[in-house]
Amino acid sequence: MATQVVMPQLGESVVEGKVTKWLKREGEQVARNEPLLEVETDKVTTEVTAIEGGTLLKVFVPEGTTVRAGTPLAVIGQPGEPIPAGGPLPTTAHVAPSPPTPSPAVAGEREKAARGEKAGFISPVVARIAAEYNVDLSQVKGTGQGGRITKQDVLAYVEAREKAKAAPPPEKKEALPPWEQPGLGELFRPTEEVFGPAPAPAAPPPTPAPAEAVPPPAEVVPLTSIRQAIAEHMVRSKRTSPHVTTVFEVDMSRVVAHREKYKAAYERDGVKLTYTAYFVKAAVHALKAYPLVNSSWSDQGIVLKRPINIGIAVSLGDEGLIVPVIKGADNLNLLGIARAVNDLAERARNRQLKPDDVQGGTFTITNHGVSGSLFATPIINQPQAAILGVGAVQKRVVVLTHDGVDTIAIRPMVYISLTFDHRILDGASADAFVAKVKEVLENWRDE
């Protein structure tokens with residue numbers, strides 16, 4: 001019997017997804033649990049696997065189309081088997097020949113929006129962006145399924161509002177002198193003998209040059225949705241928060257010794273012990289000591305977050321990076337954190353993250369040292385208060401003081417940087433937080 005493949009519900013707050021790539025074509029054999037296609041939301045790109053084996057008989061939804069959860073995507077069965085009648089459900093493709101007539105329920109919601117009442121279903125992502133930019137959603141026209149307001153709708157509204165604010169006020173036209181007014185010129189026009197020659201008319205403004213065409217040797221690489229989301233998020237962060245960075249140097253001798261001692265034991269449990277786990281654990285200690293760092297800004301006041309959910313930046317190569325979140329990191333020991341780091345990083349690289357895996361972060365760590373970088377000034381992951389950057393662990397010559405005597409030694413050292421929102425944190429409070437991270441790492445104790 002033929003099996004229908006449908007668009008999965010990719011998270012509690014995600015109601016639609018975009019088919020970005022079919023990994024199998026019509027007529028090809030598909031094994032059970034084999035990746036069938038890639039689906040993208042505004043948060044993650046993940047693979048959809050086949051729930052049954054067989055032949056891919058029919059593909060209903062082409063690449064590049066966005067559909068609601070539950071929409072039939074394809075049919076898997078045996079060659080020659082009839083395809084179930086009905087075909088796919090209506091999609092939310094970005095280009096439609098004509099807008100559908102809204103149902104009475106949708107029309108009612110739009111009328112409520114016009115009166116400033118609740119504007120139908122609002123996803124958490126839309127609600128967060130609206131709160132961040134102080135947007136009245138009743139003023140935003142929705143272009144999603146059934147008039148639903150999407151993230152792009154809110155961002156377009158904000159951009160239009162900002163352009164309106166930045167536009168220069170209309171020039172005030174001065175009243176024409178009598179000799180310039182229609183019908184009175186001959187009566188009042190001054191003569192050149194008295195006032196000299198009239199000034200020459202102003203030259204028209206130059207016509208702006210057309211956009212420069214891409215020269216033949218160059219190549220335009222199309223933007224992926226992930227790259228577009230990263231660009232939008234980074235620009236918005238720099239525009240929103242006054243960024244300040246402070247840098248500390250940390251002696252990692254105790255951490256290196258601890259890792260060497262327990263690395264093999266962790267591997268027997270199937271867990272790779274990386275330095276990232278130590279930095280997450282140290283950050284947890286510091287966030288408990290300085291909860292202001294685990295917060296976000298609002299016009300009503302600073303919002304202190306009770307849970308400690310730490311995001312870890314994972315590189316996806318040329319596609320960019322993604323930040324999955326360790327939920328409740330303050331409830332985990334080093335083994336639990338290491339296991340969570342392994343799991344999230346592996347699923348991120350294999351495109352198996354769910355949207356809920358990248359939501360709810362309260363603080364972020366980016367380990368740029370894996371590529372050899374010594375220190376960096378990362379951009380804050382909005383709406384968080386700060387982000388910790390970790391450089392490469394390198395052996396360096398340092399001066400140690402013991403009982404007033406200076407000695408030179410070789411130690412594994414690392415630079416850590418904290419980029420923070422200066423609206424929330426000052427230099428003293430930010431430095432106190434990083435000093436606590438340094439203290440935990442330099443005095444690491446067995447757990």
Ranked highest first by the average count of other Cβ atoms within 10 Å around their residues, in what order do 392-399, 347-354 fall?
-> 347-354, 392-399
Please name which of 376, 348, 333 has its Cα lying farthest along the dipole of the range 325-378 towards the positive end, using unit charges on Cβ (Lys, Arg +1; Asp, Glu -1) and the Cα centre as origin.
-> 348
Using the Cα gyration tensor of the range 3-77, with a ≥ b ≥ c the square roots of its eigenvalues, what is the shape: rounded (a/c below 1.5), prolate (a/b larger than b/c) or oblate (neither)?
-> prolate
If you stretched the chain out fully between residue 247 and residue 288, how much longer would it get, using 0.36 nm times the residue separation minus the C-alpha to C-alpha distance?
-> 12.7 nm
Answer rounded, prolate or oblate for the range 240-442, using the Cα gyration tensor with square roots of eigenvalues a ≥ b ≥ c: rounded when a/c is under 1.5, else prolate when a/b is larger than b/c, else oblate.
-> oblate
Neighbour cut-off at most 11 other Cβ (10 Å), DSSP loop, GluC sites (Glu not before Pro), the range 208-295 = 212, 219
Taking 1 over the mean of 1/r across every pair of different Cα atoms in the range 397-447, what Kirkwood radius in Å do you get?
-> 13.5
For the charge dipole of the range 345-447, defined by +1 on Lys and Arg C-beta atoms and -1 on Asp and Glu C-beta atoms about the Cα centroid, which residue among 397, 364, 409 has the Cα displaced farthest towards the positive pole?
-> 364
How far apart, in nm, are the 7 Å Cα→Cβ label points at residue 52 and residue 32?
-> 1.1
Highest to lowest packing among 272-279, 156-163, 329-336, 131-138, scored as the average C-beta count within 10 Å = 272-279, 329-336, 131-138, 156-163
Given the Cα-Cα distance of residue 219 and residue 316 and 0.36 nm per residue of separation, how much length would full extension add, in nm?
-> 32.7 nm
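Computed from the coordinates by the stated procedures, all read-outs in this text should not be read as laboratory data. Quick caveat, the model's predicted, so the values are computed rather than measured. Every residue, glycine as well, gets a Cβ built from its backbone with ideal geometry; the counts of neighbours run over all protein chains shown.
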